[in-house]
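Trainee: Quick one: the structure is below, and I'll ask about it shortly.
The values are calculated or read from the model by the stated rules, or taken from the named source; none is laboratory data. Quick caveat: nothing in here was measured; it's all calculated off a predicted structure. These accessible areas exclude ligands, DNA and RNA; they are computed on the full protein's heavy atoms, side chains included. Shrake-Rupley method; radii C 1.70, N 1.55, O 1.52, S 1.80 Å.
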Amino acid sequence: MKLYYSPGACSMGIHIILEELGKPYELAPVALKDGAQHKPEFMAVNPKSKVPALDRGDGKVLTEFPVIAWWLAKSNPAAALIPADLEGEARCLELLDYVCGTIHPQAFTRQFRPGNYTLREEDFPKSVELGKANADKYFATLEQGWAGGTYLLPSGYSVADAALFFVEYWATRRSGLTLPPHLAAHLAAMLARPAVQRALTQEGLAL
């Protein structure tokens, strides 16, 4: 397998999952800041011009974080990275979608790329402020509905935790936000996992 990623991007969650699986894979960096995602070489891999993208090693490429995470978990059942029961799997997918489809764009893309949300540069600070307010709101929603112990799901560690980690990491390392208690404990537990430490080190990121 080959993971197309950018250091510190949401693709770090998939990187962590691959490290958890312990199977051979390659890393293919995509320099988003240099616009590499829009160049023909990468668009031939993923015409959506974004990471993550996973070359499965069978001649096919998967895109979209929730789908890649789900496929890795389902194709490696011995790793137990997704609940085996239908209800648990549905809740895992629900959390993946909330992180990737709501928290990521409405809280953090608003902060990091305000030009995606307003054409007026003088309105960029308002976009950043709204992004931080959204992050606090969405994290509070997760805190209030926390159903697991250390990890998100009652069944234990899953691919949903790798997704939550990347927005927690952004919140504390890039946005200066304070996480509510369950999420703060979750971040600490994630940072203590060897797979997370390996992924961050490989991406040149602080632990």
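Trainee: Mind jotting down a quarter of the surface of the convex hull over the alpha carbons of the stretch 72-127, in square nanometres, one decimal?
Mentor: That works out to 4.9 nm².
Trainee: Which value at 222 nm does the chain reach when only helices count, each DSSP H run of 4 or more adding -39,500 (n - 2.57), with the total divided by all residues and rounded to the nearest 500 deg cm²/dmol?
Mentor: -14000 deg cm²/dmol
Trainee: Then there is this: Please work out the average accessible area per residue across the stretch 35-112, using the 1.4 Å probe convention, and give it in Å². Intermediate values should be presented prior to the final figure.
Mentor: Working: 3870 Å² over 78 residues.
With the other protein chains kept in place, the stretch 35-112 gives 50 Å² per residue.
Trainee: Given a 10 angstrom Cα cut-off, can you work out which residue in THR118, THR150, THR102 is the most mobile in a GNM of the chain?
Mentor: Result for the chain, Cα springs under 10 Å: THR118 fluctuates most.
Trainee: Let me ask another. Over 21 Å apart: what share of the alpha carbon pairs of the stretch 126-207 falls there, rounded to a whole percent?
Mentor: Result for the distance tail: 28 percent.
Trainee: Here is a further query. Once each part is reduced to its C-alpha centroid, what is the distance from the stretch 183-207 to the stretch 18-93 in angstrom?
Mentor: 19
Trainee: Counting only pairs 8 or more places apart or on different chains, how many lysine pairs in the chain have C-alpha atoms closer than 20 Å?
Mentor: Counting lysine pairs in the chain gives 17.
Trainee: Could you tell me what fraction of 2.2 N^0.38 Å the Cα radius of gyration of the chain comes to, as a two-decimal ratio? Write out the running numbers ahead of the final one.
Mentor: Values: Rg = 16.7 Å, N = 207, 2.2 N^0.38 = 16.7 Å.
Computed over Cα atoms of the chain, the ratio equals 1.00.
Trainee: Direction-averaged shadow area of the convex hull around the Cα atoms of the stretch 162-201, nm²?
Mentor: Working: hull surface 10.6 nm².
Hull-based average projected area comes out at 2.6 nm².
Trainee: Quick query: amide H of ALA53 versus all other amide H atoms, modeled in the peptide plane; which residues come in under 5 Å with a sequence gap of 5 or more or a different chain?
Mentor: Here TYR4 satisfy the definition.
Trainee: Continuing with the same structure: Quick one: give the max-minus-min coordinate of the C-alpha atoms of the stretch 94-159 along each principal axis, largest first, in Å.
Mentor: Result, largest extent first: 46, 19, 14 Å.
Trainee: Compute from the Cα atoms of the stretch 1-97 the Rg and the Dmax, the latter being the longest Cα-Cα distance, and quote both in angstrom.
Mentor: So, for the stretch 1-97, Rg and Dmax equal 13.8, 43 Å respectively.
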